[in-house]
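Please read the structure below before turning to the comments.
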Amino acid sequence: MKILLTGAAGFIGMHTALRLLARGDEVVGIDNLNDYYDVNLKQARLDRLLPQQKFRFIKMDVADIRGMAELFAKEGFQRVIHLAAQAGVRYSLINPHAYIQSNLVGFTNILEGCRHAKVEHLVYASSSSVYGGNTKLPFSEHDNIDHPVSLYAATKKSNELMAHTYSHLFGLPTTGLRFFTVYGPWGRPDMALFLFTKAILEDKPIDVFNHGNMMRDFTYIDDIVEGVLRLLDKPATANPSFDSDNPDPSTSNAPYRVFNIGNNQPVKLMEYIEALEAALGKTAEKNFLPMQPGDVPATYADTTELDGWSGLKPNTSVREGVARFVAWYQAYNRS
């Protein structure tokens, strides 16, 4: 298949591209290589892809209306994996306009491109943050998500609503992926695992929010990518039993689906830190702080729908995944 992959120099994007290429797909990757975090890391990821025969990179911003329209008209993509976005809950408090441009304007350009190019299936990144103020655990795709607690979360819920509109109006199959705290080698340096590892190795204290009383459904990158590919290969279809008198948020009478991709095994933040300390052979000095604005105390994915649709049950343990990250981090920083 010929696939457009946005955010190709990103954490999930690079790993996804490698898997697609390994199975023989043709991948056109785009990324704007912005400086939200270290561009050198993005370039190093991209350097792993550029030698691949069936990979082609185009530097482009998804918010570029004309450029995106021309790209879709020229390339004839069969399927699209849209991972490009302005990420991060906390940064959305500082620079909200970046989220509007990338996550709303950019997503509109993706939808329009898919519509006019008659793309077979659009798979796009949503986020576990859409569950916002919900406290019933585990989080289910069948739950109402009308109470986001960050602008980032609001843009991701907006993406799901926009996708449904295009599925309904134009018959475009769309599948939204609610990722739960993704971690692993080549991860983002603004994420806790990267920050903690760097600080511990430099004998600096780590900031532990909500005084350590946090729980996350940490999901290893390989499990995430497996989910992306399985869902890409099974386009969304209309739910024949959809009841418009009692609508289910996760399906529709249009070809639309959303899925949680999580480990279904939430871990206490302090246990996560203990796994990191064990992998590094060092004890962290901890700076306990209150909860950050826009954050939530716990995430926990109900993955029943993911299993039922794709047969996937993510199961990489935190100790195993953290150890793999540490091995990569130490090797990357020696090179």
> Just how much of Lys204 is accessible, in Å², when a 1.4 Å probe is used and the result is rounded to the nearest 10?
Replying inline: 110 Å²
> Tell me, Kirkwood radius of segment 1-147 from alpha-carbon pair distances, in Å?
Replying inline: 16.2 Å
> Where does each of Asp203, Asp295, Asp64 land when they are ordered by accessible area, with a 1.4 Å probe and the largest first?
Replying inline: Asp203, Asp64, Asp295
> Tally Lys/Arg at +1 and Asp/Glu at -1 over every other residue whose Cβ is under 15 Å from the Cβ of Asn95; what's the total?
Replying inline: -1
> Over the heavy atoms of His211, what accessible area does a 1.4 Å probe trace out, to the nearest 10 Å²?
Replying inline: 100 Å²
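Working from the alpha-carbon coordinates of the chain, get Rg over Rh, Rh being the Kirkwood radius.
A ratio of 0.95.
Leaving ligands and nucleic acids out of the surface, order Ser241, Ser250 by accessible area at 1.4 Å, largest first.
Ser241, Ser250
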> Accessible area per residue, 1.4 Å probe, Å², for the chain: what's the number?
Replying inline: 43 Å²
> aspartates and glutamates near Lys157 by alpha-carbon distance under 13 Å, same-chain residues fewer than 8 away left out - which ones?
Replying inline: Glu141, Asp143, Asp146
>> Just to confirm a number: summing +1 for Lys and Arg and -1 for Asp and Glu over residues other than Lys268 whose beta-carbon lies under 13 angstrom from that of Lys268, what do you get?
In response: -2
> Using a 1.4 Å probe on the protein chains only, how many percent of the accessible area of the chain belongs to carbon and sulfur?
Replying inline: 51 percent
>> Whole percent per 5 Å bin, from 0 to the bin with the longest distance: what is P(r) over all C-alpha pairs of segment 73-116?
In response: 5, 21, 25, 18, 13, 10, 6, 2
> Hey, any idea what the orientation-averaged projected area of the convex hull of segment 70-166's Cα atoms comes to, in nm²?
Replying inline: 6.6 nm²
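Report the number of Lys pairs in segment 215-335 whose alpha-carbons are under 30 Å apart, with separation of 8 or more residues or on distinct chains.
4
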> If ligands, DNA and RNA are left out, what is the accessible area of Trp186 with a 1.4 Å probe, given in Å² to the nearest 10?
Replying inline: 30 Å²
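Let me know the Kirkwood hydrodynamic radius for segment 90-136, please, with Cα pairs as the basis and the value in Å to one decimal.
Computed over segment 90-136, the radius equals 12.9 Å.
Quick one: order Met1, Met214 from most to least accessible surface, probe 1.4 Å.
Putting Met1, Met214 in descending order of accessible area: Met1, Met214.
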> Could you give the length gained on full extension between Gln265 and Asp307, defined as 0.36 nm per residue of separation minus the Cα-Cα distance, in nm?
Replying inline: 13.7 nm
>> As an exercise, take the mean of 1/r over every pair of distinct alpha carbons in segment 131-229, invert it, and state the Kirkwood radius in angstroms.
In response: 16.3 Å
>> Can you compute the modelled spin-label distance between Ala327 and Lys286, with each label point 7 Å from Cα toward Cβ, in nm?
In response: 2.7 nm
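The values are calculated or read from the model by the stated rules, or taken from the named source; none is laboratory data. Since the structure is predicted, the reported quantities are computational estimates derived from the model, not experimental observations. All Cβ positions, glycine included, derive from the backbone under ideal geometry; neighbour counts span all protein chains shown. Protein only, heavy atoms only, side chains kept; ligands, DNA and RNA dropped before computing areas. Shrake-Rupley method; radii C 1.70, N 1.55, O 1.52, S 1.80 Å.
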